[in-house]
Amino acid sequence: MESLKELLKSRAKPTGGFAPFWDFKQNPEFVGRVVAMRKDPRSDEDNPRYLWDVETLEGEKYTLPSYVVLDQALREQGAEVGKYIYAHFIGEGKKAGRGGRKPFLFEVAVMSQEEAEAHLKAPPKAERRKKPEAEPKVEEKPKEEPKPKVEEKPKAEEYSKDDFDKGRSILNTLLLVYPELEEAKARKALEGQGVKVPLEVFCEKMGLKIEGGKVRKA
Amino acid sequence: MRPEEIVEKFYSALLGDSPYSQPKGSVSVTQLSFPCLRRAVIEILSGISGIDPGGLIRTWIGKKCHETSILKKKMELELQWEGVYGRVDEYDPDSFVLIDKKFTRSVPSEVREHHARQVNYYRVLLEKNGMPVSEMYVVYVDVDAAFVRVLPVEMMPLEEAEAELVERRDRVLECVKTGILPPREVRFWEEGARRTVCDYCSVFSVCFASDITLVLPKPYTEE
């Protein structure tokens, strides 16, 4: 019996799984690209809802939770595989009737791949290589609750989107014109332009690293 | 009228008679031709192009000299393409010859690198506006020693010149958008030269007072 178990164990393959759900309560804003759309098996056959497999700008894969309002808004705005989306959880709305749950409300924007990629000047190579796939991507990781972000580090969502976008744009420019970008220069530039988001947050979100006093692409 | 009043009127007249009519939001070929793009960004962001009285007079002499046509064809041809503005000194639509005139006090034996770049960029503007170019020259006129030297300019492959022009334009516009100054490119004019390009730069003081973002002189206040 033990030998049979060992034999079977040696032939065992890990099952697939889906990317973890994006937790809008912890991270109210999601920015990234749609890599796949799967019919939510719990939704009506006649009126299906979709599970949106997405990828952040840094290449991390997630699935957006199956919220009716979010799914509708994405589809109304023409979201599809390859397009870039912005989803901002703005809170719970009022219930339509006595029963049911309060709907989760979102701000949603959809952008074509061409427009988004033209805007993302010199994206990290790793990100560029990843193409949208027709089939849902099976992750190695088992299905589990999203891991809470490391609390010690400052989180991007603590800062305004405008501030974050401004800082990202500044860093992209700096990396474009300074082949060897000094950390002090990067900090000074952000500070000088009134960006309150710390450099470390940008490094985390933009796939950069600080090494030997220089800011580089990771 | 006192002599001082005449001097004052002279400088006012020179400054009022600006030779530039660069459209707002555009980058000029001249700005893109200098190795140092920092100057272009400072000029666009600050709206100033500082010049000393000597430089002003030299510019005036150059401008007056430009009025004499060599080819007797198209002169001071103002062109635009994809946010780049340029003014071509002379172009002959029959022989497809492009001429750029430089009035200097030091005539080089070979076309200066940034002049060659400038002329190649002018060619891009001409070609994009339906005017082909087959020969390009820089006419150097030494206004002190009074002699002329005509030097042919090597043509870059058009696609290469276009790509370079667009790349440099994008760098400048990106910096203008974010308020970031590109690095200074301090270098000597040529090997063995005593002075650097910065010695002649019109935005020298603003450039060196600034680091990564622009620092303009503060307006005077009583406090």
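No value in this document is a laboratory result; all are computed from the given coordinates. Quick caveat, the model's predicted, so the values are computed rather than measured. Using ideal geometry, Cβ is built from the backbone for each residue, glycine included, and neighbour counts are taken over all protein chains shown.
Structure values in brief
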item: Separation between Cα centres of the stretch A:174-215 and the stretch B:99-148, rounded to whole Å; result: 40 Å
item: Mean shadow area of the protein assembly as shown over all directions, Cα convex hull, nm²; result: 38.1 nm²
item: Qualifying trypsin sites (Lys or Arg not before Pro) in the stretch B:94-128, DSSP loop, other Cβ atoms within 10 Å at most 13; result: B:R105
item: Kirkwood hydrodynamic radius (C-alpha pairs) into Stokes-Einstein, the stretch B:73-137, 10 °C and 1.306 mPa s, D in µm²/s; result: 130 µm²/s
item: Difference of contour (0.36 nm per residue) and Cα-Cα distance, A:E182 to A:E107; result: 23.3 nm
item: Three-way shape call for the stretch A:175-218 based on the alpha-carbon gyration tensor, with the a/c threshold at 1.5; result: oblate
item: Rounded, prolate or oblate (a/c below 1.5 giving rounded, otherwise prolate when a/b exceeds b/c) for the stretch B:139-190 by Cα gyration tensor; result: oblate
item: Loop-located trypsin sites (Lys or Arg not before Pro) in the stretch A:55-112, at most 12 other Cβ atoms within 10 Å (DSSP); result: A:K94, A:K95, A:R98, A:R101
item: Out-of-range pairs (alpha-carbon distance over 31 Å; input A:K25/A:K166; A:K185/B:K128; B:K64/B:K218; A:K102/A:K161; A:K188/B:K24; A:K83/A:K217); result: A:K185/B:K128; B:K64/B:K218
item: Burial ordering of B:W60, B:W81, fewest other beta-carbon atoms within 10 Å first; result: B:W60, B:W81
item: Antiparallel bridges, percent of DSSP beta bridges restricted to chain B (to nearest 5); result: 65 percent
item: Relative contact order of chain B, pairs being alpha-carbon contacts under 8 Å that are 6 or more residues apart, as %; result: 21 percent
item: Projected label distance in nm at B:E185 and B:R149, using a 7 Å step from Cα toward the beta-carbon; result: 2.2 nm
item: P(r), alpha carbons of the stretch A:1-109 - 5 Å bins starting at zero, rounded %; result: 2, 11, 18, 20, 16, 9, 6, 5, 5, 4, 3, 1, 0
item: Sum of side-chain charges, B:E162 neighbourhood, beta-carbon under 10 Å (Lys, Arg +1; Asp, Glu -1); result: -4
item: Cα gyration tensor shape for chain B, rounded if a/c is under 1.5, else prolate or oblate; result: oblate
item: Chymotrypsin sites (Phe, Trp or Tyr not before Pro) lying in DSSP loop within the stretch B:122-223, provided at most 10 other Cβ fall within 10 Å; result: B:Y220
